[in-house]
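Here's the structure we're looking at; comments come further down.
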Amino acid sequence: MSSIQGKYNIKAVSQMLGVQPGTLRAWERRYQMIRPPRNEAGHRLYTEEHVKVLKWLLEKVNNGFTISQAVSILEDQQETVEKSPSIIEESSKGHLEQITEELLQSLLSFDESRAHEKLDYAFSMFSPEKVALDIVGTLLVRIGTQWEENRISSAHEHFATNFLRSRLGMMLISMPSDKLLPKAVCVCGPNEKHELGLLIFTLYLKRRGYDVIYLGQSVAAGDVDVVINEVQPRYLFMSNTMKENIPVSVRLAESLKEHYPGLFIGLGGFAFDQLPEKEKEPLKPYLIGKTKEEWEQWLALNK
């Protein structure tokens, strides 16, 4: 791409970007977005321009694009990318919002075939994590709000949430786990039945490679201990959507922490997110937050 002489080997570029050399080689071989020259020994030598392109692609991947989608944007709008990256950001944001709106309308029309089509398209455009967090997560909030305000019926709410639960469940089953990473148990808090938020968080953990045991809706009292004793997890995550269930979940977390001092326990979900800051304060060590950045921070502090 650039005629300037290359000066970085693949190891140096790998360290600069935080990307494994094998990944860089695979990207170049499959997508041919850059063609670094080689020295007499046959080793790649990257120019400043190559590094600039790779940084741009990596930023898009970190923001939820697949690498193929990022490369496609780079090829189609190279001049725009170089002059004004913010234009691309706004375009991708608008595209995501459009897909979300079309999927919502399909669900509220009970059009299952079109809903599958829209969600399949979303997965072709963005990473599974981006779809789960920014599309499905957004839909859950909007559907819940419309139902609470009596703008849609319980039939609409049930159809939409059951559809999304089914698709996320299929994703969860298909994702591999890294048996070398810590185990995590994910379950709804006592008396809780709404599991979609927990499913999204579980997908996030599995995308990071964690070996996750997903229990879903609230299990019988004492059964959490059975699972902990059986699988010896590093983490236990509980989700609450109803504020009235928070006290019993907190008591359970404190009891489990006392019995299993090496277990890291995280609490999350809509109910905890809506608590006033004063009520959150004593629970801070448990609260995982509601964004990917907050989840990453909590995991980094609890190793």
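Around the Cα centre of the chain, unit charges on the Cβ atoms of Lys, Arg, Asp and Glu (plus for the first two, minus for the last two) sum to a dipole of about 1120 debye.
In percent, rounded to a whole number, the relative contact order of the stretch 10-83 is 22, using alpha-carbon pairs under 8 Å and six or more apart.
Going toward the positive end of the dipole of the chain, with +1 on Lys and Arg Cβ and -1 on Asp and Glu Cβ, which of T202, Q69, L215 do you reach last? It is Q69. Net charge dipole, the stretch 90-213: roughly 460 debye, given to the nearest 20, about the Cα centre with Cβ charges of +1 for Lys and Arg and -1 for Asp and Glu. For K284, the lysines whose Cα comes closer than 28 Å to its Cα, not counting residues fewer than 8 places off in the same chain, are K130, K183, K193, K206, K243, K257, K292, K303. The convex hull drawn around the Cα atoms of the chain, when projected onto a plane and averaged over every direction, covers 18.9 nm². Projected onto the charge dipole of the chain (+1 at Lys/Arg Cβ, -1 at Asp/Glu Cβ, origin at the Cα centre), which of Q146, S127, H95 gives the Cα projection farthest towards the positive end? Farthest along the dipole direction, towards plus: S127.
Each value in this text was obtained by applying a stated rule to the coordinates, not by laboratory testing. All values reported here derive from a predicted model rather than from experimental measurement. Cβ: placed from backbone, ideal geometry, glycine included. Neighbour counts: every protein chain shown.
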